[in-house]
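Please treat every number below as a calculation from the coordinates, not as lab data. The model shown is predicted, which means the values in this text are computed figures rather than measured ones. Cβ placement follows ideal geometry from the backbone for every residue including glycine, while neighbour counts extend to all protein chains displayed.
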Amino acid sequence: MRRGDRGSAIVEFVVVAVCLLIPVSYAAVSVAHLQSAAFATSLGAREAARAFSTAPTASAARAGALAAARLAFADHDVAFPEGALRVSCEGGPCLSPGSIVVTELSWQVSLPWLPGASIPVSSRHVEPIDDYRSDAR
């Protein structure tokens with residue numbers, strides 16, 4: 001071993017660690033954060049539609065849909081974005097037999113450690129109302 005090569009392994013390790021390990025770690029954290037937000041959004045839209053379609057009245061349906069969406073987000077440890085949930089009814093009045101409930105969740109997910117950087121995430125779920133359901137009051 002020559003004298004000039006002493007200590008170069010430590011320098012090489014530090015350079016490789018800084019150039020590779022930090023960006024790869026950030027990418028893994030960002031992907032995990034985005035995946036959690038995507039799962040929460042998908043589950044939130046689905047559960048909101050199910051809660052809405054099984055409610056006894058139209059007024060209780062909206063509150064139940066919002067509560068179900070918030071719970072889905074809490075299950076994934078994601079803060080629920082206020083105003084992100086939209087519920088609409090097609091094919092007749094809400095909760096009438098044969099109508100359809102459509103829930104949409106759309107919001108911006110902030111990337112970790114990058115203020116101002118965000119990625120849009122959205123989900124849409126369509127839930128039919130049972131044909132044999134009695135009319136909502």
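Quick rundown of the values:
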quantity: Furthest towards positive pole of dipole, ALA79, ILE10, HIS33, structure part the chain, Cβ charges; calculated: ILE10
quantity: Highest average packing first - 60-69, 111-120, 37-46, Cβ atoms within 10 Å; calculated: 37-46, 60-69, 111-120
quantity: Efficiency of FRET between ILE22 and ASP75 - r from beta-carbon atoms, R0 35 angstrom, step 0.05; calculated: 0.70
quantity: Translational diffusion coefficient (Stokes-Einstein; Kirkwood radius from C-alpha pairs) of the chain at 4 °C, 1.567 mPa s, in µm²/s; calculated: 73
quantity: Isolated Cys in the chain, by beta carbon distance under 4.7 Å; calculated: CYS19
quantity: Cα convex hull volume per residue for the range 22-92 (Å³); calculated: 91
quantity: Computed over the range 3-128: relative contact order in percent, which uses C-alpha pairs under 8 Å that are six or more apart; calculated: 25
quantity: Cα long-axis angle, helix 58-75 against the chain (0 to 90 degrees, to the nearest 10); calculated: 20
quantity: Structure-based [θ]222 nm, the chain - -39500 (n - 2.57) summed over DSSP H runs of at least 4, per residue, nearest 500; calculated: -15000 deg cm²/dmol
quantity: Rounded to 10°, Cα long-axis angle of helix 22-53 versus longest principal axis of the chain; calculated: 10
quantity: Size of electric dipole in the range 3-128: Cβ of Lys, Arg +1 and of Asp, Glu -1, about Cα centre, debye, nearest 20; calculated: 60
